[in-house]
Amino acid sequence: MFKVAWIARFAPGMSKEDARRHWAEVHARLCVASSIPRYVQNHVVGPLPSAAGVTEETTHFDGYSCGWWPDEAAFRRTMEEPEWQALVDDGDNVFDMEFTNRMSAQVVEHTIVDGPASPYKVAWVAWFRKDMDPEEARTYWREVHGPLAAGAGVDRYVQNHAIATVGGGGEGSGAPAFAGFSECWFRDERHFLEAVGSDAWARVAEDGPNVFDPDVMWGAALEERVVRAGDVEGLAARS
């Protein structure tokens, strides 16, 4: 499976309401005109409390999109389509493309808690400690830090490890600008707040500085919009 994430800020001077509408109605329609098998938008709807492990109770991004393909060859074919170029051209109408291109990457998905995608979704965008080898940090995140959250009342928990830069047209080279992001789903906001107040979550927070830069951790509550619901399990099986 080949997965790409585009973390976005809206274009300067554009209202959040207008930008979200354009993204959900115009940009999404352009995306599904392409051959992308699965496409999901995640719209930021609010900040997370400091107890959730963020460095500031504010949001630093307006949302992110994820796309899935069975393999890199399929991804490259989509990137070459005129329909995808129309999507790229529309980016300037809604996003700060300098930021979005910098914060876009191929990601490797690791499902830590394989439960239902419940209605209340939150995400954290993270950077690794500067003194840690990225491969060592990814292993620690997946094998040590991740399992600590399994007993914290999370319905579903997915890590997305950024491994390579990807621009709007598929171009990119070198290390990504961020380590990746975690996604967690809860039954509702109350269950989320109960989780972050638990002893299990305290252990997660205590372990965080062992792998992540403690000075920068973004977080947000999200509205997830599945625009094209391709079979992710099938994509994974074929990759």
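Annotation: of all residues in the range 99-124 being outside any loop (DSSP other than H, G, I, E, B) and aliphatic (A, V, I, L, M), the one that is nearest to the chain's Cα centre (by Cα) is 123.
Of the numbered criteria (1) touching a Gly at 6+ places or on another chain (Cβ under 8 Å); (2) aliphatic (A, V, I, L, M); (3) farther than 17 Å from residue 181 by Cα, the one residue 52 fails is (3).
Going by the conditions given, is residue 127 part of a strand (DSSP E or B), within 17 Å of the chain's Cα centre (by Cα) and closer than 24 Å to residue 7 by Cα? Judged against the criteria, residue 127 is a match.
Just checking, how many residues over the range 218-239 are in contact with a Pro (Cβ under 8 Å, 6 or more places away or on another chain) and modelled with pLDDT of 95 or more? Residues meeting the conditions: 4.
Residues in the range 68-101 that are touching a strand residue (DSSP E or B) at 6+ places or on another chain (Cβ under 8 Å) and either among the charged types (D, E, K, R) or without any contact (Cβ under 8 Å) to a residue 40 or more places away in the chain (or both): 71, 72, 96.
Among the residues that make up the range 152-162, is at least one of them touching a residue at least 40 places away in the same chain (Cβ under 8 Å) and surrounded by fewer than 17 Cβ atoms within 10 Å (Cβ to Cβ)? Looking through the range 152-162, none of the residues is touching a residue at least 40 places away in the same chain (Cβ under 8 Å) and surrounded by fewer than 17 Cβ atoms within 10 Å (Cβ to Cβ). In the condition set (1) surrounded by 20 or more Cβ atoms within 10 Å (Cβ to Cβ); (2) touching a Phe, Trp or Tyr at 6+ places or on another chain (Cβ under 6 Å); (3) in a loop (DSSP other than H, G, I, E, B), residue 3 is compliant with all but (3).
A single entry from 158, 144 fulfils the requirement of being within 18 Å of the chain's Cα centre (by Cα) and either outside any strand (DSSP E or B) or within 26 Å of residue 198 (Cβ to Cβ) (or both): 158.
Scanning the range 103-138 for residues that are hydroxyl-bearing (Ser, Thr, Tyr) and within 19 Å of residue 184 (Cα to Cα) turns up 111, 118, 120. For the residues 90, 71, 96, the requirement of being surrounded by 14 or more Cβ atoms within 10 Å (Cβ to Cβ), within 22 Å of residue 175 (Cα to Cα) and over 14 Å from the mean Cα position of the chain (by Cα) singles out 96. Considering only the range 75-96, I want to know if a residue exists there that is at pLDDT 95 or above, under 30 Å from residue 149 (Cα atoms) and aliphatic (A, V, I, L, M). No, that holds for no residue.
Would you confirm whether or not the range 12-32 contains a residue that is in a strand (DSSP E or B) and modelled with pLDDT of 95 or more? No, the range 12-32 has no match at all.
Would you pick out the residues in the range 35-52 that are outside any strand (DSSP E or B), out of contact with any Pro (no Cβ under 9 Å at 6 or more places or on another chain) and either closer than 21 Å to residue 226 by Cα or free of Cβ contacts under 8 Å to residues at least 40 places away in the same chain (or both)?
Within the range 35-52, 35, 36, 50 meet the criteria.
Taking the listed residues 55, 78, the one that is among the polar types (S, T, N, Q), outside any strand (DSSP E or B), in contact with an Asp or Glu (Cβ under 9 Å, 6 or more places away or on another chain) and over 19 Å from residue 185 (Cα atoms) is 55, with no other qualifying.
The values are calculated or read from the model by the stated rules, or taken from the named source; none is laboratory data. Here the structure is a predicted model, which means the values were calculated and not measured. Glycine also receives a Cβ, built like all others from the backbone with ideal geometry; neighbour counts cover every protein chain displayed.
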